[in-house]
1. Please find, within region 151-164, the residue that is farthest from TYR91 (Cα to Cα) out of those that are touching a residue at least 40 places away in the same chain (Cβ under 8 Å) and crowded, with 20+ Cβ neighbours inside 10 Å.
2. Scan region 16-60 residue by residue and report those that are over 29 Å from PHE168 (Cβ atoms) and touching a helix residue (DSSP H, G or I) at 6+ places or on another chain (Cβ under 7 Å).
3. Across region 1-49, which residue is farthest from VAL131 (Cα to Cα) among those that are assigned to a helix (DSSP H, G or I) and of a type in the set (Lys, Arg)?
4. Among the numbered criteria (1) at pLDDT 95 or above; (2) surrounded by 13 or more Cβ atoms within 10 Å (Cβ to Cβ); (3) under 25 Å from TYR175 (Cα atoms), which single criterion is violated by SER99?
5. Can you find even one residue in region 95-107 that is over 16 Å from GLY24 (Cα atoms), without any contact (Cβ under 8 Å) to a residue 24 or more places away in the chain and part of a strand (DSSP E or B)?
6. Could we say that PHE11 is touching a helix residue (DSSP H, G or I) at 6+ places or on another chain (Cβ under 7 Å), more than 21 Å from ILE106 (Cα to Cα) and surrounded by 15 or more Cβ atoms within 10 Å (Cβ to Cβ) here?
7. List, please: which pairs have Cβ atoms under 8 Å, are six or more places apart or on different chains, and start with a residue in region 16-39 that is without any contact (Cβ under 8 Å) to a residue 40 or more places away in the chain and end with one that is of a type in the set (Val, Ile, Thr) and surrounded by 23 or more Cβ atoms within 10 Å (Cβ to Cβ)?
Amino acid sequence: MDKDQKHILWFSEISKSDIALVGGKNASLGEMFSKLTNEGINVPDGFALTSNFYWQFIKENNLQEKLEKIFTGFDPQNIRSLQKTGKKCRYLVMKSKLSKELKKEISDFYRELSNKYKQKETDVAVRTSGVAEDSPTTSFAGQFETFLNIKGEKKLFAAVKQSLTSTFTDRAIAYREENKIPQLKFALSIGVQKMVKSDLAS
């Protein structure tokens, strides 16, 4: 399968040229991983769920039309409208399901990552990276959640769902409005990286 069509990529497959696929944060992680690893520096490995994963999740749960309907009555100048819209969107995403196929893809990568570190279930950090179709270079720093010390497939699936849901926090919706980014032409990439204990990272 062509790289641009994959749902998940290893950091070693990602470079800065992949911002439109994995967002700025994950593109930088991939670039750093490859560069420093080639220099013999030990960098925690990981993988990124691409924007393709996000859109597949949206498609499988028939969310696009439902989200469009919610945003039809959205007034960006009204704080109550923002709160109401965000709450409805988050509820819709959170009650949706990760399909068996998407779960299997995550599991396969997570198990391989765990095997690399000779652990049955390694602990990971889960970070989100925004991907805007019309503004691929826009920074979304601080807009989404980060989940640390995630261990085991069930907890990883839950963190992925929470990350997907964070697409529609009130803050994220307001930020997109402020930067004139279409609400529903926006995706998330989710980075999953091996945790490093602070005493070892210093």
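1. By that ranking, first place goes to LEU156.
2. PHE33, SER34, VAL43, ASP45
3. The qualifying residue farthest from VAL131 (Cα to Cα) is LYS35.
4. With respect to (1) at pLDDT 95 or above; (2) surrounded by 13 or more Cβ atoms within 10 Å (Cβ to Cβ); (3) under 25 Å from TYR175 (Cα atoms), SER99 is out only on (3).
5. For region 95-107, residues over 16 Å from GLY24 (Cα atoms), without any contact (Cβ under 8 Å) to a residue 24 or more places away in the chain and part of a strand (DSSP E or B): absent.
6. It is false that PHE11 is touching a helix residue (DSSP H, G or I) at 6+ places or on another chain (Cβ under 7 Å), more than 21 Å from ILE106 (Cα to Cα) and surrounded by 15 or more Cβ atoms within 10 Å (Cβ to Cβ).
7. Every condition considered, the pairs that remain are GLY30/ILE14; GLY30/VAL22; GLU31/ILE14; PHE33/ILE14; SER34/ILE14.
Condition check ((1) at pLDDT 95 or above; (2) within 17 Å of GLY86 (Cβ to Cβ); (3) in contact with a Ser or Thr (Cβ under 9 Å, 6 or more places away or on another chain); (4) assigned to a helix (DSSP H, G or I)) across all residues:
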{"position": "THR167", "(1), (2), (3), (4)": "no, yes, yes, yes"}
{"position": "ALA172", "(1), (2), (3), (4)": "no, yes, yes, yes"}
{"position": "LYS180", "(1), (2), (3), (4)": "no, no, yes, no"}
{"position": "ILE190", "(1), (2), (3), (4)": "yes, no, yes, no"}
{"position": "GLN193", "(1), (2), (3), (4)": "yes, no, no, no"}
{"position": "VAL196", "(1), (2), (3), (4)": "no, no, no, no"}
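The values are calculated or read from the model by the stated rules, or taken from the named source; none is laboratory data. All figures in this text were calculated on a predicted structure; none of them were measured in a lab. Neighbour counts run over all protein chains shown; Cβ positions are idealised from the backbone, glycine included.
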